[in-house]
Amino acid sequence: EAGVAQSPRYKIIEKRQSVAFWCNPISGHATLYWYQQILGQGPKLLIQFQNNGVVDDSQLPKDRFSAERLKGVDSTLKIQPAKLEDSAVYLCASSARTGGPEAFFGQGTRLTVV
Amino acid sequence: GEDVEQSLFLSVREGDSSVINCTYTDSSSTYLYWYKQEPGAGLQLLTYIFSNMDMKQDQRLTVLLNKKDKHLSLRIADTQTGDSAIYFCATRSNAGKSTFGDGTTLTVKP
């Protein structure tokens, strides 16, 4: 079974530029999560999708971050414009159902904003 | 918001047992997790425990849950150098929202 796929693995951009990350969850997984992991901290949930609907986006900085999962499968997370403090690893995870015990993580995209 | 606290560092000798501790605030957590993260890698689910259990054993791993004190621990028996990593404690609510601690860096010395 293929795991959660994310791309790119690394991205360096200048502040005020835009960037997009892509995630393809495990086949059949209805729930998809985007997390932000700043160096030295644990992951922080940005947004949670159930199929193509948003379940929780309370910690998503909506003035600059957006995410979509149009067909209920893969997802993109966008930052526009980026700030220095957005430098972090962006992790995507998926689980078979909301509240289900197991979530599987991708390897993440490391973003550096200079 | 909900909070999960862990000590930052733990150092043990190869062959000893490691115990990593975690406290949390969300009394409605349904599942509690331990994840392992190696450098440059994503999070690997090690084990999890349902909130109505107080212990779970899986090979070298033992998870203890004290729900009254909101305390979770992970014991790794016969710790090996390959166990060196960052270990994250996490809680999950019924709605599927997870809260992570900031991780405990385990260093295993030969």
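We did not get these values from a lab; they are worked out from the coordinates using the rules stated. What you are looking at is a predicted structure, and each value in this text was computed from that prediction instead of being measured. Note that we place each Cβ from the backbone using ideal geometry, even for glycine, and neighbour counts take in every protein chain shown.
Descriptive notes on the structure:
- In straight-distance terms, cross-link reach from residue A:44 covers every one of the lysines whose alpha-carbon lies under 26 Å from its own, apart from those fewer than eight places away in the same chain; here that gives A:11, A:15, A:62, A:71, A:78, A:83, B:36, B:67, B:68, B:70, B:97.
- Proportion of all alpha-carbon pairs of the protein assembly as shown beyond 29 Å (%): 27 percent
- Integer Hz, Karplus 6.51/-1.76/1.60 couplings in order for the stretch B:65-73, x for Gly and Pro: 10, 10, 5, 5, 8, 6, 10, 10, 9
- Ranked list, fewest to most other Cβ atoms within 10 Å of each Cβ, for B:68, A:15, A:62: B:68, A:62, A:15
- Our summary gives chain A a relative contact order of 37 percent, counting only alpha carbon pairs under 8 angstrom and 6 or more residues apart.
- Normalised alpha carbon radius of gyration of the stretch B:1-88 [divisor 2.2 N^0.38 Å]: 1.08
- For chain B, the dipole from Cβ point charges (+1 on Lys and Arg, -1 on Asp and Glu) about the Cα centre works out to 180 debye, to the nearest 20.
- Compactness of the stretch A:25-114 as Cα Rg over 2.2 N^0.38 Å, two decimals: 1.05
- From the alpha carbon centroid of the stretch A:51-67 to that of the stretch B:83-107 is 22 Å.
- For the stretch A:13-20, putting each phi into the Karplus relation 6.51 cos²θ - 1.76 cosθ + 1.60 with θ = phi - 60° gives couplings of 9, 8, 4, 6, 7, 10, 8, 9 Hz, in residue order, rounded to whole numbers and with x for Gly and Pro.
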